[in-house]
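Notes to accompany the following structure.
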């Protein structure tokens, strides 16, 4: 048991060790958790000293103040308060909310889980078993779950991160997912663009607008979100300049004459080529994704917008452009990322491998 006493200075007119209204130093003495203590608290306020002593008593350890632990819902709320303070991208926060608010909290309610300590390894494995995700999505969501519980651990609410004990799903090599358009596919896609007879709200031909979007994706290597956010001021002669939304890396991309002339011909009354600037960019991206799906269907080509980016990178690599230069054009923060996805397209690397095998047989 701990007790407080006040040790009066020689200049103080009071003498009681329990007197509360003077400004003489306060000491604590007693035993807690088998540990003895007799020391000054560096406090003169009896109320503050009492509060500190009670906090030690609640934690069961001298010098340790137990943090008030929120429930699961409260921890999720504080996690997103921290995300807002860190100014994270909207897309990043949206994916975290999809996992934590739309999946984790309803699942906890259905299991009667209220406290963070109930989210042990076994509970998290059961939670993961409810995910309908493909391996790559499940891998990303496991990372997001670990980030949330790491936040809770750093706040002192849990002793360890139980999600660290959960093994991620096995993923295929990134290079195995890379699919590209052939030259014949590109011809079919551009021809299918001409089957857009509708006119947009500015009275311009949507067929030409869609064709320009396809050409920009094809020759710039930009992600669809960056292409939608492309401003007219970003076109300088035959070069596009854009700081990519995902990595923030400055990108300068030269375009062929056909793509440049198509972009210059756009007159839509907006500072953007492919977006009005009103509403959310992700809504405009969704509109363009639907338009491209229609184009692929009309062209009878099995594809997706990101394949234009893969085609752009692959063309450069197969023509001998160094992978470091391709990484710059793609806006990758490191050539290692580029090599991970496109290593099997680097001719020089294949040639070296073949030569080594020949040396082995020799």
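The values are calculated or read from the model by the stated rules, or taken from the named source; none is laboratory data. Values in this document were obtained by computation on a predicted structure and should not be read as measured data. Glycine gets a Cβ as well: all are built from the backbone with ideal geometry, and neighbour counts include every protein chain shown.
Observations on the model:
- Residue ID - surrounded by the most Cβ atoms within 10 Å (Cβ to Cβ), chosen from residues in the range 271-291 that are over 13 Å from residue 225 (Cβ atoms) and modelled with pLDDT of 90 or more: 273
- Qualifying residue in the range 97-120 (condition: outside the structural domain of residue 33 (by TED's automatic domain parsing) and touching a residue at least 60 places away in the same chain (Cβ under 8 Å)): no
- Residues satisfying the stated conditions in the range 244-264, i.e. exposed (fewer than 15 other Cβ atoms within 10 Å of the Cβ), assigned to a strand (DSSP E or B) and modelled with pLDDT of 70 or more: 252, 254
- Where helices (runs of 4 or more DSSP H) fall wholly inside the range 280-343, the ranges with 2 or more residues that are in contact (Cβ under 8 Å) with a residue 24 or more places away in the chain, farther than 14 Å from residue 217 by Cα and within 26 Å of the chain's Cα centre (by Cα) are 281-299, 335-342.
- Per the listing 74, 82, 33, 63, the residue uniquely within 21 Å of the chain's Cα centre (by Cα) and under 23 Å from residue 160 (Cβ atoms) is 82.
- Filter result (over 19 Å from residue 282 (Cα atoms) and surrounded by 15 or more Cβ atoms within 10 Å (Cβ to Cβ)) within the range 79-98: 79, 80, 83
- Entry remark, the range 1-55: residues being assigned to a loop (DSSP other than H, G, I, E, B) and either over 30 Å from residue 69 (Cβ atoms) or in contact with a helix residue (DSSP H, G or I) (Cβ under 6 Å, 6 or more places away or on another chain) (or both) number 22 in total.
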